[in-house]
Amino acid sequence: MRDRIEELLNEIETFTASNLQHVEEFRIKLLSKKGKVKELFEEFKTVAPELRKEVGIKLNELQNKAQEKINHLKEKYEQADPSKDKKIDLTLPAENIAVGSRHPLSLVRNQIVEIFSRIGFTVSDGPEIEDDWHNFTALNTPADHPARDMQDTFYISENPDTVLRTQTSSVQVHIMEGTAPPIRTISPGRVYRNEAISARAHCQFHQVEGLYIDKKVSFADLKQTLLYFSKEMFGEETKIRLRPSYFPFTEISAEMDISCPFCKGDGCNICKGAGWVEILGCGMVDPAVLENCKIDSTQYSGFAFGMGIERIAMLKYQVKDLRLFFENDVRFLKQFKSVI
Ligand code: DAH
C-alpha cells in the first residue's frame with residue numbers, strides 16, 4: 001500500500017494538463033467516489049494497527065497534494081478560458097435601467113408652487129376630511145345657502161357635520177384662524193365631489209388655493225400676481241382677462257381666462273374658437289370671511305384664488321380625457337419628463 005501511495009504521489013507531481021477537461025479527468029481518476037485515493041482510504045481499514053499512523057499520514061498527504069494540484073491547474077486554465085473572458089466583456093453595452101418619471105399632476109403642481117414661491121408665497125395644507133365650518137360655513141356658505149348646490153358634496157353618513165372637502169378654500173380658514181396677517185400662502189391638495197366620472201369630470205381632483213392678506217391689499221395686486229403667474233406658466237406673451245363672477249367667499253369675484261396658449265388668441269379647437277380659456281376663480285376675500293376667522297376687516301383686506309391642477313395639466317399637455325390622470329397607465333405616465 002505504501003508503494004502505491006508513493007506511485008500516486010509521483011504521478012501527481014509529474015502530471016500536466018493542456019486544458020480544463022484534462023484536469024477534470026484527473027480529478028475523477030483520483031478523488032471521485034470511485035477514484036484511486038478513495039480506494040486507498042477503503043483499504044486503510046485493513047492496515048495492521050502498528051502501521052496505521054504512518055500510512056494514515058501518507059494517505060492524508062496524498063489527498064491534500066492531489067487537491068492542491070487540481071486546484072492549481074483549474075485556476076490556471078479557468079483564467080485562460082476564452083469563454084470566461086466573454087462573460088466580463090466590459091465593452092458590452094449596459095442593460096437599460098427603466099427610470100420612472102413624475103406624475104404629470106405632480107409636475108404641474110410643483111411648477112405652480114415654484115412660481116409662487118419666487119414671489120414670497122409659502123406652501124400650506126389642511127385636512128381632506130373636513131368639518132362643515134371649514135368647508136362651507138366660515139366661507140360664507142351657511143346651510144341654507146344656494147351656493148352649496150354648486151358643489152356636490154360627499155357627506156360622511158354617521159356624521160353629517162363631516163365632509164370630504166370639496167375645495168381647498170377650506171385651508172384658507174385654517175390658516176386665517178391660526179396665523180396673524182400678513183399671510184401669503186398657497187395650498188395645493190386633493191378635493192372630492194360627488195360627480196359622475198367622465199372625460200371632463202371626476203369624483204376626485206386637485207386644486208391650488210392662493211391667499212394673500214395684509215393691510216391695503218387691492219384688486220390690482222390680485223391682477224398683477226395672476227398676470228405674473230400666467231406668464232411664467234404659459235409663456236411671456238400670455239394675456240389675462242378677468243370676468244365678473246360669483247363665489248360666496250369673495251366680494252368682488254371674478255373668473256380668469258388666459259389667451260389660448262395654442263393659437264395665441266386667434267381661435268382654435270382647444271379654445272373652441274374663443275381665443276381665451278378659463279383657468280381659475282378669484283376675488284377679494286369677503287370681509288365676513290375675515291371676521292369669521294377673527295381677522296379685523298377694518299384693518300386688513302386680501303385676495304384669494306383657486307385653480308384646478310388637472311385643468312392646467314390638460315391645457316399644458318393637451319390631454320383630452322381627465323380619467324387618464326387616475327388610471328396610472330405607464331404608457332401615459334412615461335410621456336411626461338421634467339426635472340421639477
Ligand atoms: N373654491 C372655488 C371652487 O372650487 C375656487 C375659488 C374661487 C377659490 C375663487 C378661491 C376664489 O379662493 O377666490 O370652485
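One table, with the values for the structure above:
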| read-out | value |
| --- | --- |
| Shape call, the range 44-187: gyration tensor on alpha carbons, a/c limit 1.5 | prolate |
| For the chain, Cys with no neighbouring Cys Cβ under 4.7 Å | Cys203, Cys282, Cys293 |
| Unit charges on C-beta of K, R, D, E only; dipole of the chain, Debye | 1160 debye |
| C-alpha long axis of helix 2-14 to longest principal axis of the chain, angle in ° | 50 degrees |
| Sequence-separation-based contact order of the chain, relative, with Cα cut under 8 Å and 6+ spacing, percent | 15 percent |
| Residues of type aspartates and glutamates that Lys215 reaches as a straight line, Cα spacing below 12 Å, ignoring anything fewer than 8 places off in the same chain | Asp296 |
| Amide proton proximity set for Thr122, modelled H, under 5 Å, gap of 5+ | Arg184, Thr185, Ile186 |
| Fewest-first sequence of Ser101, Ser157 by Cβ atoms within 10 Å of each Cβ | Ser157, Ser101 |
| Choice from Ala94, Ala147, Ala313 showing the highest fluctuation, given a GNM over the chain with Cα pairs closer than 10 Å | Ala94 |
| Semi-axis lengths (Å, descending) of the ellipsoid that matches the C-alpha gyration tensor of the range 107-146 | 30, 11, 10 |
| Relative contact order (%) - the range 2-84, alpha-carbon pairs under 8 angstrom, separation at least six | 41 percent |
| Angle between the chain longest axis and helix 49-80 axis [Cα atoms, degrees, rounded to 10] | 50 degrees |
| Listed residue (Leu322, Ala304, Leu333) projecting farthest to the positive dipole end of the range 300-340, Cβ model | Leu333 |
| Calculated log₁₀ intensity ratio I(q)/I(0) where the Debye formula runs over C-alpha points of the range 2-84, q = 0.13, 0.15, 0.25 Å⁻¹ | -0.45, -0.56, -1.20 |
| Residue-averaged 222 nm ellipticity for the chain, from DSSP H runs of 4+ at -39500 (n - 2.57), nearest 500 | -12500 deg cm²/dmol |
| Shape category assigned to the chain from the gyration tensor of Cα positions, a/c cut at 1.5 | prolate |
| Added length on full extension, which subtracts the Cα-Cα distance from 0.36 nm per residue, Thr122 to Leu9 | 32.3 nm |
| Cross-link reach list, aspartates and glutamates versus Lys36, counting only Cα pairs under 20 Å and skipping chain neighbours closer than eight places | Asp3, Glu6, Glu7, Glu11, Glu13, Glu24, Glu25, Glu54, Glu61, Glu68 |
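Quick note: the coordinates plus some simple rules give every number you see, no bench work behind them. In this text, all values refer to a predicted model and were calculated from it rather than measured experimentally. Positions of Cβ are generated from backbone atoms using ideal geometry, with glycine treated the same way; all protein chains shown enter the neighbour counts.
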